[in-house]
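The values are calculated or read from the model by the stated rules, or taken from the named source; none is laboratory data. Computed from a predicted structure; not experimentally measured. Methodologically, a virtual Cβ is constructed for each residue, glycine included, from the backbone with ideal geometry; neighbour enumeration extends over all protein chains shown. Ligands, DNA and RNA are stripped out before the accessible areas are found, and what is left, the full protein with its side chains, is counted by its heavy atoms. Shrake-Rupley method; radii C 1.70, N 1.55, O 1.52, S 1.80 Å.
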Amino acid sequence: MNFDKGASGLNFLNLLPGSAYCVDYVQVTATSNCPNSATTCDATYATACELDIKLGIFDLFGIFLLFVYCISIGWYQEKQQRIVDESIQTSQDYAITVLDPGPNDDDPKEWQEFFSQFGEVSYITIARGNSKLLKALARRRDIRAYLSLLTTHGPESTRFVPNPYTDGPKVSENLESAPYPDFYNEKAPLLTVKLNVDSESDDSEEEDLNKKGIFFKLARKVGLVRTIDDWGEELRNVNKEIALLEKERYPVVRIYCVFDSEKAKQNCLKRLATGQVQAFMNMREGLPKNYLFRGENVLRVVESNEPSEIIWENLELGFKFCLIQDLISLAISFVIIYLSYLAIYYAITDEDSSSWRLLVVVTSINYILPYLCYIVTSLERQYNKGNVQNSLMTKLVAARFMNTTLISYITISSNETLSYSQLAAIQALMISDAFITPTLAALDISNNFYRMVLSRLSTTQRMMNTYFLGSPWDLAERYTSMLKTVLVALFYACLYPMGLFFAAFCFIYTYVVDRYMLMRLWTKAPAYDARLAKKALTIILLCLLAHLYIASTWYSEWPFDSSIKKEDGSFVYYNKLGMVSNVFEFVKIDQPDW
């Protein structure tokens, strides 16, 4: 098999050198071993395209080196994690979390006395299941921050502004310390906000408001467009809601204990180590009584997350709720993956389709897919942002694995494996990963739209500044983008070895782009732990196993014809199974007797 020559006379969009493209097939008539006991049957025979055993040896050697590299990187990551953890002291290094306190276990002194047996206790924090109150407080913060933007330069009460919940960036995460006008103070009377404008101005503004068309009035009715008076009315309603919620009593859902030393924390985790089932069933057998809270409650104690990583309003969620939402999220994700599968399937199987069309379809799906998965993930309620990233990463890996490898593996028959259309599709995937996807990320289209278009429509300087805060990004999406390239390159390595060089270029290009975006354009992300890095390394090892399976299947089917030539010049029909067959069934095929 010659991998050095591409299809002759081809341009950039056609096959480049380094593929297993083979045209040396002829139609022959097999005279034995035909299906359905027929005496003769049509078959294909490859006159060339033989596989050199050196390719398999180099393939195995390369996989062995990658395996050693992954193991070494895993060891290095563990070492760096310990170094970073020891060099940067945070509250996580001293804190533990009780996941299953009683709903009325709200005495901090009692908790302090209980944990003092493991070391000196500095702080006890009791978290309650008050998500409704927290959401109301957050909504009031959003409204007050947004109003402070609009009133910096004395706005009129009928200035029309976009709704921050449906348009524009979120101001709540970046303007928590913004100075609010006095008449928006939470201690102010619960009345409709009135700004410092005279009566004549009020009358003229009411006339301007009445002159607006029916579409504006409809948009204002549904909340797409609002005036400052509308926001003031909502602020008044939110204050009323908070006043009512503050009177309710909420159950205890978490206990956070901060020790004076790391040694005390580790001692506590070691002594109170229990399984999830043991803590859930409150199985007290074999446990010292002093390790049971109030002498009867088996506690589920784990290391705390970073405070910035915890989603406080979701701490009250129960197991049943999480199970139901995970099933719903799984169903929605399946629908998204199936729709993307249909788009790529028709782009591959359409006889009139070209490499350009497949390239556009794959690039578009890869660009849109993170946004769709992010929307689905945002519908879930997780305990911390690390779980959100983990859920997003799982969805993206599954979707991209389906779109980039599994679809073509299923749809392409065995005798078309070395065809021009199949290898051109693989090349289109690699070109998309290596050039187009990083370039689209570098263009930062959405953030440039905020800065160059929406910022010009801002009514105050502070509102305009919010459009220059940077683009949000997800660590899970960046990991899956890299994993997709690794998967495609390894999956098709034995058919298109040139893809490994495309992958190497993609990693270099992506590194340069991501470094620039991280330093210049992206917003600051929360502090995550090492779970995503470890999961990414595990997926790379699974990609190596997938490559071994696919390579063994394709090498056993090489050169993907359906006949064997005997010494007397006759042909024996020999079906080497389709691509979707189980590789282990090859040993069950009856070999022709000659």
Worksheet item: Using unit Cβ charges (K, R positive; D, E negative) and no other charged atoms, how large, in debye to the nearest 20, is the dipole of the stretch 292-345 about its Cα centre?
Response: 240 debye
Worksheet item: Based on the mean of other beta carbon atoms within 10 Å per residue, what is the order of 140-146, 336-342, most packed first?
Response: 140-146, 336-342
Worksheet item: What part of the accessible area of the stretch 247-369, given as a whole %, is carbon or sulfur when the probe is 1.4 angstrom?
Response: 60 percent
Worksheet item: Considering only the other residues whose Cβ falls under 13 Å of the Cβ of Leu99, what net charge follows from Lys and Arg at +1 and Asp and Glu at -1?
Response: -2
Practice prompt. Keeping every protein chain in place, order Arg236, Arg515, Arg531 by accessible area at 1.4 Å, biggest value first, i.e. largest first.
Written response: Arg515, Arg531, Arg236
Worksheet item: Near Gly119, within a Cβ-to-Cβ distance under 10 Å, what is the net charge of the other residues, with Lys and Arg +1 and Asp and Glu -1?
Response: -1
Response to the item:
Note: the stretch 27-113, point scatterers on Cα, Debye, no solvent; log10 I/I(0) at q = 0.14 Å⁻¹ equals -0.87
